[in-house]
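For reference, the structure discussed in these notes is given below.
The values are calculated or read from the model by the stated rules, or taken from the named source; none is laboratory data. Remember, it's a predicted structure, so these values are computed and weren't measured experimentally. Please note: Cβ atoms are built from the backbone with ideal geometry, for glycine as well, and neighbour counts cover all protein chains shown.
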Amino acid sequence: MTGGGVYPAIAVLQALENKVDEVLWIGSQSGMEETLLKSYKLSYQSIPAAGLHGVGLKALPGNLSQLYQGWRQASALIARFQPQVLFFTGGYLGVPVALAGRKIPSVVFVPDIEPGLALKSILRSAEKVAASCDDSLAFLPKGKSEVTGYPVRKEMSQWQPQAARGHFNLPEKEKVLLVFGGSKGARSINRALLNALPELLPDMHIIHISGKDNWEEVQASVKELDASLVKHYHPYPFLHDDMGAAFAAADLVVCRSGASTLGELPYFGLPAILVPYPYAWRYQHQNAEYLSNGGGAILLEDNQLDQMLVKQVKSVLDDPKKLGSMRSAMQQMAAPDSAARIGELILSVGKRTSGGATWSV
Ligand SMILES: CC(=O)N[C@H]1[C@@H](OP(=O)(O)OP(=O)(O)OC[C@H]2O[C@@H](n3ccc(=O)[nH]c3=O)[C@H](O)[C@@H]2O)O[C@H](CO)[C@@H](O)[C@@H]1O
């Protein structure tokens, strides 16, 4: 699983510290999830899982067999751990776990406005459903769903602008633009930005998180930059605990509109130019539309990046009034108590049964 499913679960886990005796995290066998969780005290067990939606006939038998294996392993883990409650935040791995734990009460957090297919399939059996924002309720079962907001993890929320600028060696008064894709980076955003650097850097500092796959290309581009501009450019392949510093240091962000933007950008009151990932159904468009309808963001289509990036960035950063009104609109959409509220839902569901607590994300 990528950052999108993992980070909100971490935030909730942090809010539940000292309130839950034991946590078992059932995750995927791909390396990213386990790496992201390395610094947290929890027991991690991976199971095989694979998606079925949009899978060609050739891959279908293999994926079905993986799901079956996943269900068997999840059943064994649940039988051993005896959890009081299951908690899901998305991803197809949740399907075999939900099947294996169908007799145990569960809470589902739906990060995106519209739940993905895997999450949709486990909503019916959930006892409580938590949503990132009002627009999501139209896609969720009535009676047991409520808006809690998208939870922001502790490491991120503790950064203040001044310390954050110091962390990246940024001057206090100059404009700072943050650019990144989702948790894995975005090639089209990276390319458009690299081409735009000579036009943008004279007026601002840019923190650019490229994702690990595009890091070599970024380093090659730095060599071609005019020496006077290099000190304005702050590229990184990935940020961990200091991702919050990047948000707190910036005046404006250009990024994809994964679910995290519904929580993290309002939390920091950070105006945004959102470039939805064009190949993922309409999930990212819905997120971007919510934030832009709320006045905190501008939606820029991926295929318009090359023509419009510089123009859009300058139109916001050069207009303090616009920037200020986008900032307050973003702040209005924040839900800083979200992790605690989802934690309360989990505790209330768990109290009605007996045993430990399994987390499945
Ligand atoms: C291409 C795709 O299908 N993306 C989906 C995936 O995105 P993805 O996994 O990228 O998830 P999100 O955009 O929601 O979250 C990315 C997370 O990574 C963090 N971050 C990012 C860069 C970095 O250097 N350091 C860092 O910590 C961000 O602060 C954020 O917390 O899951 C999301 C949640 O279901 C969906 O909304 C997205 O549509």
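Here are some notes:
- L239 assigned by TED's automatic domain parsing to the domain that holds Q307 and assigned to a loop (DSSP other than H, G, I, E, B): yes
- Screening N287 on (1) within 20 Å of P336 (Cβ to Cβ); (2) away from the ligand (no atom under 12 Å from the Cβ) shows it passes everything except condition (2).
- Set Y236, Y267: member being touching a residue at least 24 places away in the same chain (Cβ under 8 Å) and more than 17 Å from the chain's Cα centre (by Cα): Y236
- Subset of the stretch 174-188 (residues that are within 12 Å of the ligand (Cβ to nearest atom) and within 22 Å of A248 (Cα to Cα)): L178, V179, F180, G181, G182, S183, K184, G185, A186
- Residue match in the stretch 344-359 (condition: β-branched (V, I, T) and assigned to a helix (DSSP H, G or I)): yes
- Residue match in the stretch 264-280 (condition: more than 12 Å from the ligand (Cβ to nearest atom), part of a helix (DSSP H, G or I), closer than 18 Å to P8 by Cα and modelled with pLDDT of 95 or more): yes
Residues checked against (1) part of a helix (DSSP H, G or I); (2) among the basic types (K, R); (3) modelled with pLDDT under 80:
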residue: V6; (1), (2), (3): yes, no, no
residue: A9; (1), (2), (3): yes, no, no
residue: K19; (1), (2), (3): no, yes, no
residue: I26; (1), (2), (3): no, no, no
residue: P48; (1), (2), (3): no, no, no
residue: L52; (1), (2), (3): no, no, yes
residue: L64; (1), (2), (3): yes, no, no
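- Long-range neighbours under 7 Å by Cβ, at least six apart or interchain, first residue in the same structural domain as S257 (by TED's automatic domain parsing) and among the acidic types (D, E) within the stretch 173-185, second more than 10 Å from the ligand (Cβ to nearest atom) and part of a loop (DSSP other than H, G, I, E, B): E174/M204
- Note on the stretch 1-44: residues that are more than 13 Å from the ligand (Cβ to nearest atom), surrounded by fewer than 16 Cβ atoms within 10 Å (Cβ to Cβ) and in contact (Cβ under 8 Å) with a residue 12 or more places away in the chain amount to 8.
- Residues satisfying the stated conditions in the stretch 317-335, i.e. surrounded by 14 or more Cβ atoms within 10 Å (Cβ to Cβ) and in a loop (DSSP other than H, G, I, E, B): M333, A334, A335
- Any hit, the stretch 53-71, residues being farther than 20 Å from A9 by Cα, without any contact (Cβ under 8 Å) to a residue 12 or more places away in the chain and within 16 Å of the ligand (Cβ to nearest atom): yes
- Count of residues meeting criterion [touching a residue at least 60 places away in the same chain (Cβ under 8 Å) and part of a helix (DSSP H, G or I)] in the stretch 201-229: 1
- Residue satisfying condition, being more than 23 Å from A339 (Cβ to Cβ), away from the ligand (no atom under 12 Å from the Cβ) and in contact with a strand residue (DSSP E or B) (Cβ under 7 Å, 6 or more places away or on another chain), within set L140, L197, L99, L123: L197
- Residues of the stretch 291-304 that are surrounded by fewer than 23 Cβ atoms within 10 Å (Cβ to Cβ) and touching a residue at least 12 places away in the same chain (Cβ under 8 Å): S292, G294, G295, I298, L299, E301, D302, N303.
- Residue within the stretch 95-109 that is in contact (Cβ under 8 Å) with a residue 40 or more places away in the chain and surrounded by fewer than 16 Cβ atoms within 10 Å (Cβ to Cβ) present: no
- Annotation: of all residues in the stretch 143-173 being among the aliphatic types (A, V, I, L, M) and more than 22 Å from Y277 (Cβ to Cβ), the one that is nearest to the ligand (Cβ to nearest atom) is A164.
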